[in-house]
Structures are given as structure tokens and as C-alpha cells.
Amino acid sequence: EKALVWLRRDLRTFDHAALSAALQVADQVYLCFIFDTNILNPLLDKGLTTDRRVDFIWQSIGQIHAELIAKNPKSGLIVLHGNPQVLIPALAKELAVDAVLTNHDYEPSSIARDALVANQLKDLGIDFTSYKDQVIFERKEVLTGAGGVFSVFTPFKNAWLKKLTPQDIASQDCFTSEQQSQQLAPLPKTILGKATEIPTLEAMGFTPSNIQELIPIGMHGASQLLSDFEDRIHQYQATRDFPAIKGPSYLSTHLRFGTVSIRALVRIAHHLMLAGSAGASTWLSELIWRDFYFMILANHPRLASGVSFKPDYDKITWEQGLLQEKFFKAWTLGKTGYPLVDAAMRQLNTSGYMHNRLRMVTACFLIKDLGVDWRLGEAYFADQLNDYDFAANNGGWQWASSSGCDAQPYFRIFNPITQSQKFDKEGKFIRKYCPELAGLSNQSIHAPWLAGEIELQAAKLELGKDYPFPIIKHDEARKTTLLRYSVVKAEA
Ligand code: FAD
């Protein structure tokens, strides 16, 4: 029996559902990854030729390839560039495999792609099987007592925790622990390669990015970040809301590309939670939010077409024309005059990461201070975030716009100044990303326009020149927003 394992957002060789299944049934296993032109070409069309995500993938698969080769020179990852709907059936035919195995994807466009590939393989007499791998519980595995799909997080989380058994988070082993730990031990003879080169980034139209300076990459990078976080996990609850503190795990990009196993993370968090760690318990909740949004997307695929989860919210009229353009541009550039918002946007632009608290603050600011349609912000994050994932991003934006399944109420409008005073009290984060404000006192840094002339002079800051005046008055924007949302008030 011969099998081909198609890697997508599961770029690792351990605790991997499809690979584990392939190694159980087949004597000869090939591994492949396709740089999908259906995904990459739109990036190139937008001029995004330096994309940290593409680089992250490229370096991560390079690690897999090197590891396979180091264990067995005849092994290796087969990497192609093109349309998987054509390339997967062609490769499967060329290698004369009996089956293609992969892991489930929950985005409607990926589901459609997989259905097309499955059909073509069927015509060739080749099986196509897909496995649950990137979540603990998927689709309709966790349901309400009445058998319905959850739309509120807390009862979903409670049902999720109740359903969890050790089997759900057991490692889906691919190799014995001895084979896994001995870097140079030959892999089981079953993994085979093919004499092809990995296409360079340049050959695919991209240039290398600075991702390597920002985050450790690949399976090895993920385990480095994880062991670092394991020392801090107990403090997670106390530290996670403060962007100047190293509180969160920074594992999101690894979860996005599967360079870490969600089962391994839940095993650690759940074990520590049972041992009484409040930090681990809060962190586990975040991992369950991740499952929640995948579940929501799987059950409400219409979300992928840009609609609000609560249809009534599509009645809202957003800012239009020149004002909208001006507001949106200032927001993207980190030039709104609200220091915490600006620092956060600059963190995103320069690193591809934004702290969770700040994703909430900046999203709320765009929607409820500037009155800009949340879909524009969602699309901007989609282009910029290293960890961009449709389900979590759409969930986050619809939470902020109050149109989502378990969203903040429409009348809850973050005050960007008090958020700043609360979560970046000493302005450390602001000073890092808005150095022009560095000379201001801890009190004025949250709202520079309230600083007196003497302080501004001492800080060598000329408002309107070195840093903008606030683009909008928060209190007035608040009133406009409540009016804007009045079309949905009755429902909320
Ligand atoms: P940690 O705090 O260490 O959390 C651990 C993991 O839990 C994260 O890596 C992530 O996989 C998951 N997680 C945490 N919070 C959430 C959440 N609210 N929803 C779903 N999963 C969560 N997360 C993404 O992975 N991709 C996105 O595109 C994305 N877009 C967002 C957009 C908005 C407007 C908002 C408010 C949130 C968004 N999030 C997104 C969720 C969250 O902000 C990030 O997952 C988190 O900041 C990543 O940092 P971390 O890995 O250090 O997180």
C-alpha cells in the first residue's frame, strides 16, 4: 500500500492525524506541500510580494524537509507551486499511490477545493480521506442539550470541558518516541521523497521577509516558544491584558500553520488547570475560543461571504466617501492621535502581530469611534496578521462590531483613553511604538492634547506636526455611534 499525505495548515511531522493514519496503513508514504497559486496570486496582485506568512511557511517546510533528509537521505518533502486541484491528482497518479490523506479544513473555499480534488482522485481510483487535526472538537461534536449548535461561548466551553476525555487529546503518534527524539536515526523506511527542489520564494514571485527576526519558526520555533511560555503560564491570567508585558504565549502563528499540535497544548493546559492553575485555566479558555470560532464557521459558512452573524446588523449605515477614506487611512497608518490605538497599529504594521487587548481596542475604535464598516478592518488585519485565520479574525471583528454570535453589546464602546490608562499605565508600550511621544509624562502620554504647553515643549513635541491631534472627539463619536446602531437597538 502506498499513500500520499498532503500537508496544508499542519506543518509538522509529529502528533499529526493524517500522517499517523498513513503510517498505519501504508508501507510507503510520501509527504507533499503545495504553494497554492489560488491563495498566493491574489497577494501578488495586491503588490504584497513580501509576505511574512509565505516566508513562515517556506521556512517551516524547509525544516520538515531537512529533518526528513537528515533521518533518511531517500526521504524528503515534495514541494510544488501551482493549483492543488491539478497538482494533487497528477502527483498521486505519478507516484502510483492508493490513497491521499489530509487533515480537515473548515473554510468554505477550502472545503470546495477538497471536494474537487476528491472527485478527480475518485476518477483515478485513488481514495481521498481527511482527518480532524487542527481542533479538539469540530463541527457538531459539541451540541446543546437540545441538540442544537451553540452560539454563546460560556455554555459551549462548559459542554466542551465536560465532553473532553484523555483520548481526545492523546498524541496521534507518527513515530515511536525513540525515532522522534533521535534526530539522526533513520525514519521508518516507509517515508519516501522525490528528487525535486523546493521552489525558492523568488521563483514564486516573493521576496524574503523579516519574519525570522520576529518569531522563532517551524516545529523547532514552536517548541521553543512553548517551553518559554510553560514557565509563565501560571501568570497568564494576571498578565495577559498588558501589552508591555510578556504575558501571552505568542503561539498563534504556530497554531495557524500547525507547527504545533493543539492536542499537545490542551494536554498541558488541562493538566495544569486540574492541578489548580488559574493561569492555565484562562489560557485553556482561549484555546476553546479558537475551537468555538472554527465550530461557528463550520456551521455558518455564510459568514465567509461577508455577512453579519446577526442579519439585522447589516442595516447599519457606515461612514462613506472621503471621510471614510481619511479615517481608515489614519487608522491603518497609526495616525489617529490616540496613542494606544496608534502604537497598536504600528505594532501590527511592523511585526504582523498585535496583542489581543489591542486587537479589541483598535477594532472597536475603527468601528465605534470612526464609524467605519468592520469589514474594512477585517480585510486589513487579514493582509497584515501573521496569524491571520478567517474564523478567529471574523469572530473577533464581529465581536467588536456587536454583530457577532457572542459579541459585546452595541452600547459597549471602549474609551481609548481609559483603556490606555488601564492597560498601559506607564505608557511603556506607547513609547516603544510612538517614540515621538516618549518625552511625555505617564499622565499625558494617553492623551497628548491635554498636556500643557510647557510639558509639550519639554517633550519636544509639536502636536499637528510631530504627532496628530485626535482625529475625532471620543465623546461625540460615542453619541453618533449609538444613533448609528439605533437601527438594531430593538434586537439587541
Ligand atoms: P494567547 O493569549 O497565548 O492565546 C493562545 C491561543 O489561543 C492563541 O494563539 C489563539 O490560537 C487562541 N486564541 C486566543 N484568543 C482567541 C480568540 N479571541 N479567538 C480565537 N482564538 C483565540 N487570532 C488568530 O489566531 N488569528 C486571527 O486572525 C485573529 N484575529 C483577531 C481579530 C480581532 C479583532 C480580535 C479581537 C482577535 C483576533 N484573534 C485572532 C484572537 C487573538 O487576538 C489572538 O489569537 C492572540 O492575540 C494571539 O496571540 P497569542 O498566541 O500570544 O495568544
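Observations on the structure shown:
- Counting the residues of the range 402-421 that are more than 26 Å from the chain's Cα centre (by Cα) and not polar (S, T, N, Q) gives 2.
- Extreme residue, farthest from Met354 (Cα to Cα), among residues of the range 380-389 that are surrounded by fewer than 23 Cβ atoms within 10 Å (Cβ to Cβ) and of a type in the set (Asp, Glu): Asp383
- The residues of the range 344-354 that are surrounded by fewer than 21 Cβ atoms within 10 Å (Cβ to Cβ) and either more than 10 Å from the ligand (Cβ to nearest atom) or assigned to a helix (DSSP H, G or I) (or both), listed by number, are Arg346, Gln347, Asn349, Thr350, Ser351.
- Subset of the range 369-389 (residues that are more than 10 Å from the ligand (Cβ to nearest atom), part of a helix (DSSP H, G or I) and over 12 Å from the mean Cα position of the chain (by Cα)): Asp369, Arg375, Leu376, Ala379, Tyr380
- Test: residue in the range 103-113 that is part of a helix (DSSP H, G or I), of a type outside the set (Val, Ile, Thr), in the same structural domain as Ile39 (by TED's automatic domain parsing) and more than 17 Å from Ile34 (Cβ to Cβ): yes
- Cβ pairs under 7 Å, 6+ apart, first in the range 108-131 and free of Cβ contacts under 8 Å to residues at least 40 places away in the same chain, second of a type in the set (A, V, I, L, M, F, W, C) and not in a strand (DSSP E or B): Val117/Ile88; Leu121/Ala92; Leu124/Ala92; Ile126/Ala92; Ile126/Val97; Phe128/Val117; Phe128/Ala118; Phe128/Leu121
Each row is one residue, and each column tells you yes or no for (1) surrounded by fewer than 16 Cβ atoms within 10 Å (Cβ to Cβ); (2) part of a helix (DSSP H, G or I); (3) at pLDDT below 95.
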{"site": "Gly147", "(1), (2), (3)": "yes, no, no"}
{"site": "Ser151", "(1), (2), (3)": "no, no, no"}
{"site": "Thr154", "(1), (2), (3)": "yes, yes, no"}
{"site": "Asp168", "(1), (2), (3)": "no, yes, no"}
{"site": "Ser171", "(1), (2), (3)": "yes, no, yes"}
{"site": "Glu178", "(1), (2), (3)": "yes, yes, yes"}
{"site": "Gln183", "(1), (2), (3)": "yes, no, yes"}
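- Among the residues listed as Tyr353, Tyr293, the single one being assigned by TED's automatic domain parsing to the domain that holds Asn415 and over 18 Å from Arg412 (Cβ atoms): Tyr353
- Residue pairs meeting the criteria (Cβ under 7 Å; at least 6 apart or on separate chains; first touching a residue at least 24 places away in the same chain (Cβ under 8 Å), in the range 243-269; second acidic (Asp, Glu) and part of a helix (DSSP H, G or I)): Ile268/Glu230
- If you filter the range 287-302 down to residues that are of a type in the set (D, E, K, R) and buried (at least 19 other Cβ atoms within 10 Å of the Cβ), you find that the one that is nearest to the ligand (Cβ to nearest atom) is Arg290.
- Total residues in the range 319-334, condition charged (D, E, K, R), part of a helix (DSSP H, G or I) and over 21 Å from Leu437 (Cα atoms): 2
- Verdict on Arg357 being charged (D, E, K, R), within 16 Å of the ligand (Cβ to nearest atom) and under 21 Å from Asp389 (Cα atoms): yes
- Residues satisfying the stated conditions in the range 223-234, i.e. among the aliphatic types (A, V, I, L, M) and either surrounded by fewer than 17 Cβ atoms within 10 Å (Cβ to Cβ) or in contact with a helix residue (DSSP H, G or I) (Cβ under 6 Å, 6 or more places away or on another chain) (or both): Ile233
- Unmet requirement for Ile69, which otherwise passes all of (1) closer than 30 Å to Trp289 by Cα; (2) among the β-branched types (Val, Ile, Thr); (3) surrounded by fewer than 20 Cβ atoms within 10 Å (Cβ to Cβ): (1)
- Any chance Leu366 is without any contact (Cβ under 8 Å) to a residue 40 or more places away in the chain, part of a helix (DSSP H, G or I) and more than 15 Å from the ligand (Cβ to nearest atom): no
- Filter result (under 26 Å from the mean Cα position of the chain (by Cα) and hydroxyl-bearing (Ser, Thr, Tyr)) within the range 314-337: Thr332, Thr336
For (1) in the same structural domain as Leu463 (by TED's automatic domain parsing); (2) at pLDDT below 95; (3) over 30 Å from Leu482 (Cα atoms); (4) away from the ligand (no atom under 11 Å from the Cβ), each residue gets a yes or a no:
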| position | (1), (2), (3), (4) |
| --- | --- |
| Ser277 | no, no, yes, yes |
| Ala280 | no, no, yes, yes |
| Ser285 | no, no, yes, no |
| Ala304 | no, no, no, yes |
| Trp331 | yes, no, no, yes |
| Lys335 | yes, no, no, yes |
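- Scanning the range 235-260 for residues that are crowded, with 17+ Cβ neighbours inside 10 Å, outside any loop (DSSP other than H, G, I, E, B) and more than 10 Å from the ligand (Cβ to nearest atom) turns up Gln237, Phe257.
The values are calculated or read from the model by the stated rules, or taken from the named source; none is laboratory data. These numbers come from a predicted model, not from an experiment. Cβ atoms come from the backbone with ideal geometry, glycine included; neighbour counts cover every protein chain shown.
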